[in-house]
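No value in this document is a laboratory result; all are computed from the given coordinates. Every value quoted in this text rests on a predicted model; they were computed, and no experiment measured them. Cβ sites come from the backbone with ideal geometry, for glycine too, and all protein chains shown count toward neighbours.
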Amino acid sequence: MKNPQSAVTHYRKDYSTPNHRIDRTLLEFDLDAESTLVKSRLDFSPWHLQQAEGLPIVLDGEDLQLECVTLDGKLLDESLYQQTDTQLIIPNAPKQGTLEIAVRIRPSGNTRLEGLYMSNGNFFTQCEAQGFRRITYFPDRPDVLSRFTVTLRADQAAYPVTLSNGNLIDSQKLPDGKHRTVWEDPFPKPAYLFALVAGQFVCQEESITKSNGQPALLQVWVEPGNLDKTDFAMQSLKHAIEWDRQRFGLDLDLDRFMIVATADFNMGAMENKGLNIFNTKFVFANPQLATDIDFENVESVVGHEYFHNWTGNRVTCRDWFQLSLKEGLTVFRDQEFSADMLAKGLDAQQAASARAVKRIDDVKVLRAAQFPEDAGPMAHPIRPDSYQEINNFYTVTVYEKGAEVIRMQHTLLGEEQFQRGMRIYFDRHDGQAATCEDFVAAMETALQEIKPDQDLKQFRHWYSQAGTPNVSASWHYKADESELVLTLKQSCAPTPGQAEKPAFHIPVRIGLVSNTGLDLPLQLKSPKNALSGDILNFTETEQVFVFQGVAKGTVPSLFRGFSAPVQVRAEYSLEELVFLARHDNDPFNRWDAGQQVFTQAIFEIYQSSGDTSGKLVQAANLMMADLLEDPSLSDGFRALAIALPSENTLFELFDGLVDPVALHFARQTLREYLAACNQGPLLKLYQARATHTERYEYNAVAAGKRALKNASLAYLTVDEPGQSLARSQFLSADNMTDRLGALNLLAHNAEDAQSELDQFFNMFQKEALALDKWFMTQATTPASHPAGNPLERIQALLKHPAFNLKNPNRARSVLAAFAMQNPSVFHQHTGVGYQLWASLVIELNAINPQVAGRMARALDRWSKLTPSLQTQARAALEKINAHDGLSPDVHEIISKALG
Ligand code: 0A1
Ligand code: ZN
């Protein structure tokens, strides 16, 4: 392990080109769990044609056992190269030539799951961001693109299937019980997109016809016994291919596209060229094992990885600071794909509602996870300026806020010009390693084709400035002139290394809702040209917008569809919020207004130590009654509208220091109060949807129905009658959404849910992903559980024979669930929650630093805790910090948290 005391900070401004290109890469693997021999042959040439002789060749490498190095056929002795812990340098190299290197590695000991590793006896690779250097010496940086040919030799019986990127060009049996395959990737690629897989697999395959009339083979590979879970992934892949063709005009460029699932994977999935490797969680889906959310995730992750084939692979990143170039753009694309899929086949109104549900789900993630990141010690711009460990920068900021930044460009340009911008981007950069600036420049060219007087100069601040902008909005009505005068002010709190920030260019999608509930036409009197369609261009620290022809009693609806990733403080009266929750024609804002009412009601309870007689709680209750009775709303939307904001969202929204335990109880009090006051309508909603007997299908309408049923049940299970409904739903469910929905509610609310937990365990003990759900359900049992403090149960889970810290999904199902999704137990006042977390992070640090680095982020926001909790939190952070042998991953997180 590298010594964190010598942790190096890498800066974006320090980018320099490499000395050499690697034009061709031949790799040969003799696969063996204990000792794999990797031979490489690299044809190199000067990066710059005019380059002088004698510049060193710099290759990265970690934990490799070097066997020999040959330059242009001559074996180099040790005096002719320098070997360090992280590099192999050949000084005074010729401008051009061929290097041959042999190394040995030990996949069986690779618990980090970076480089070549083993999962369930099979070989897999994970090379992004810097895993390839754990396979062989190579310039492991994304701007070095090379043509790869890969030979795989392995024992035929143990590893009958051997795959790599591109096309299979040779396959042979060898005399000694081994076999050999040779793979050639026609596209030059950086090393992080290299992949190999070898072992026991079966596949589902289909052939499709590409736009050019050529066939392409699609395959989904899984371990034997899992073919009953691959239909949906295959269908999602076909939908993704078709969608990218239709909406972006981008076709599959390969003859063969493979997906392989593994149970041991640090992240969600990986877009290796032509050979995507997936966490089983994002491949496996059938109604018995996967919830509606799992189905949605499989579709979106399959889409995401496929869309990377253009946005990431055909055009890749110049350096890792540009990560959002591929990730923000690809998340935007997968979000649009999912929205289009949900809306497919529905009438206009249902389609709008299905899209709104998707948008709300995405914004919930942003608010609950990215806003806290942007307000904490790890805050960074979507294009970071520095990092210590790149693995720590695969963040919700780079991904989800990055997608919002792309979405704002889409909003400013409109679909047609945005697609024009995409074509310009590919025309300019196909086959290259590009920068975020290249993308914005392409979009700017497209913008200026239709609006020559506009540019994206100020918009670029979204790439360089961290922090969530705060926008405050106030307005007054001028009755004599029938004018509404809207004042917007923006500010952005300091973030690490950025004290002052110039104003952002913020697109504000606006509506004016008259007191009859209709949208008025928008007539902006001043400033001139600030309105384009329904988008206000808000570009100054403070700006006044005057709308004319406005009727009295009109309420502005701001940031419709969440048109910018900002925190809005608008001066709505309670009555206006309730009005918008009933009448806003923008479904996102309608939902959001209701959430604000719930939020304020919870804070009222929190600040009054449990009193439910306040006016905000009363207003929330009336609003709830309305929502329950309103048949015009789709089920999916209604499920979201009646659900209370999450504890993590509330924590972030509260002005001041927070005690998460008290906050949990305040939220719980509102839930119980609303349940008691609305029992009849809740029951009616539940029963109307519980009695249907349609076969399980995953689509927006059916999933919406299940969501509303389970959202109603969530209120009803506050007491026994509702809990019996949940018990019978648990038993009779024919799908995982309903079964797990009921189990969660029982485990979190009923005095005793042991029998259901046992039944679930017995039913699914051979299904790892279902078992993860069993662990997670228990690890998220809140402090309000009637049987008392759930921490002991969580400690027992860690000793369960099926618990395994080495498997990232299983580790997350307890550790992340408890430390990040169960605030009332994690933040308990004695500090025992923090201590347990600290010891697990230390344990995981030695096994898998990347996953440990993620888990280490649970106390990022500790400065927002009440003083006594802060003392406990600091002690836990310091305990980790003092640990000998801390990985750079965990060290970076903890040292930044400690400040
Ligand atoms: N590029 C992948 C995510 C990914 C990133 C890093 C990994 O290991 C360090 C693995 C996967 C994606 O966006 O899907
Ligand atoms: Zn991605």
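Electrostatic tally near ALA787: other residues with Cβ closer than 13 Å to its Cβ, Lys and Arg +1, Asp and Glu -1, net -2. Other residues within the sphere of radius under 12 Å centred on the Cβ of VAL405, judged by their own Cβ, net out at +1 (K and R +1, D and E -1).
How far is helix 867-881 tilted off the main Cα axis of the chain, in degrees rounded to 10, range 0 to 90? Once rounded, one gets 10 degrees. A full extension of the chain between LEU217 and HIS829 corresponds to an added length of 214.6 nm, given 0.36 nm per residue minus the alpha carbon distance. Taking the Cα centre of region 769-899 as reference, the dipole from Cβ charges on Lys and Arg (+1) and Asp and Glu (-1) amounts to some 260 debye. Taking a point 7 Å from the Cα of LEU174 along the Cα-to-Cβ direction, the residues of region 20-56 with backbone N closer than 15 Å to it are 27-40. Residues whose amide H comes within less than 5 Å of that of ARG24, counting only those at least five positions distant or on another chain, are ASP43, ARG147 (H built at 1.01 Å from N in the peptide plane). If you bin all the Cα-Cα distances of the chain at 10 Å, starting from zero, the percentages per bin are 2, 11, 21, 25, 21, 12, 5, 2, 0, 0. Applying the criteria of a DSSP loop state and at most 16 other Cβ atoms within 10 Å to the trypsin sites (Lys or Arg not before Pro) of region 676-740 yields ARG695. With the alpha-carbon atoms of region 238-360 aligned to their principal axes, the span from lowest to highest coordinate is 43, 34, 31 Å, starting with the largest. Residue by residue through region 660-668, what is 3J(HN,Hα) from phi via Karplus (6.51 cos²θ - 1.76 cosθ + 1.60, θ = phi - 60°)? Round to whole Hz and write x for glycine and proline. Working through the residues one at a time gives x, 5, 5, 5, 4, 5, 5, 5, 4 Hz.
Summarising the amide proton neighbourhood of VAL315: residues at separation of 5 or more, or on other chains, whose placed amide H is nearer than 5 Å comprise GLY431.
Summing +1 for each Lys or Arg and -1 for each Asp or Glu among the other residues whose beta-carbon sits under 13 angstrom from that of LYS489 gives -2. The label point for ASP85 and the one for GLN50, both projected 7 Å from the Cα toward the Cβ, are 4.0 nm apart. Taking a straight line from the alpha carbon of LYS178, these aspartates and glutamates sit under 12 Å away, with near neighbours fewer than eight places off in the same chain left out: ASP30, ASP32, ASP155. For region 568-661, the spread of Cα positions along the three principal axes, ordered from largest to smallest, is 39, 26, 25 Å. Give me the distance between the Cα centres of region 561-599 and region 785-827, rounded to whole Å. One Cα centre to the other: 35 Å. Working note: Karplus 6.51/-1.76/1.60 with θ = phi - 60° gives region 549-564 the couplings x, 9, 6, 4, x, 6, 10, x, 10, 10, 6, 4, x, 6, 6, 8 Hz, where Gly and Pro are set to x. One way to sum up the overall shape of region 406-456 is the equivalent ellipsoid from its Cα gyration tensor, whose semi-axes run 18, 10, 10 Å, largest first. Taking the Cβ-Cβ separation of GLU206 and ASP611 as r and a Förster radius of 45 Å, what is the calculated FRET efficiency to the nearest 0.05? Given R0 = 45 Å and the Cβ-Cβ separation, E is 0.15. In this Cβ point-charge picture (+1 for Lys and Arg, -1 for Asp and Glu), the chain has a dipole of about 200 debye about its Cα centre.
Counting 0.36 nm for each residue step from GLN458 to GLN618 and taking away their Cα separation leaves a gain of 53.2 nm. Taking a ≥ b ≥ c as the square roots of the eigenvalues of the alpha carbon gyration tensor, region 395-508 is oblate, as a/c is not under 1.5 and a/b does not beat b/c. Efficiency by 1/(1 + (r/R0)^6): what FRET value for SER35 and THR871, r their Cβ-Cβ distance, R0 = 45 Å, to the nearest 0.05? In this case the efficiency is close to 0.35.
In plain terms, the chain from GLN679 to SER108 could stretch by 199.9 nm, reckoned as 0.36 nm per residue minus the Cα-Cα distance. Taking a ≥ b ≥ c as the square roots of the eigenvalues of the Cα gyration tensor, region 46-174 is prolate, since a/c reaches 1.5 or more and a/b is larger than b/c. Residues ILE382, ILE22, arranged from fewest to most other Cβ atoms within 10 angstrom of their Cβ, appear as ILE22, ILE382. Based on Cα contacts under 8 Å between residues 6+ apart, the chain shows a relative contact order of 9 percent. Going by the alpha-carbon gyration tensor, a ≥ b ≥ c the square roots of its eigenvalues, is region 762-878 rounded (a/c under 1.5) or, if a/c is not under 1.5, prolate (a/b greater than b/c) versus oblate? Oblate shape, in that a/c is at least 1.5 and b/c is the bigger or equal ratio. Ranked by how many other Cβ atoms sit within 10 Å of their own Cβ, fewest first, the residues LEU346, LEU484 fall in the order LEU346, LEU484. Straight-line cross-link partners of LYS238 among the lysines, defined as a Cα under 22 Å from its Cα and at least 8 positions apart when in the same chain: LYS210, LYS229, LYS273, LYS281, LYS326, LYS344, LYS358.
Taking the alpha-carbon centroid of each part, what is the distance from region 740-768 to region 129-171 in angstrom? Answer, in whole Å: 43. 3J(HN,Hα) along region 629-644, derived from phi through the Karplus expression 6.51 cos²θ - 1.76 cosθ + 1.60 where θ = phi - 60°, amounts to 8, 7, x, 6, 8, 5, 4, x, 5, 4, 4, 6, 5, 8, 7, 7 Hz, with x in place of Gly and Pro. At each listed q (0.14 Å⁻¹), what is the log10 of I(q)/I(0) that the Debye formula gives for region 505-614 modelled as equal alpha-carbon point scatterers? Values, matching the q order: -0.61. Under the rule of at least 5 residues apart or a separate chain, name every residue whose amide H is placed under 5 Å from the amide H of ALA570. Hits under the 5 Å cutoff: ALA473.
Of HIS20, HIS476, HIS664, the sequence from fewest to most neighbouring Cβ atoms within 10 angstrom is HIS476, HIS664, HIS20.
Taken as Cα centroids, region 239-286 and region 65-101 sit 37 Å apart, rounded to the nearest whole angstrom. Relative to the first principal axis of the alpha-carbon coordinates of the chain, what is the inclination of helix 323-343, with its axis defined by its Cα atoms, in degrees from 0 to 90 and to the nearest 10? Value to nearest ten degrees: 50. Rounded to the nearest 20 debye, the dipole magnitude of region 629-730 is 480 debye, with +1 charges on Lys and Arg beta carbons, -1 on Asp and Glu beta carbons, and the Cα centre as origin.
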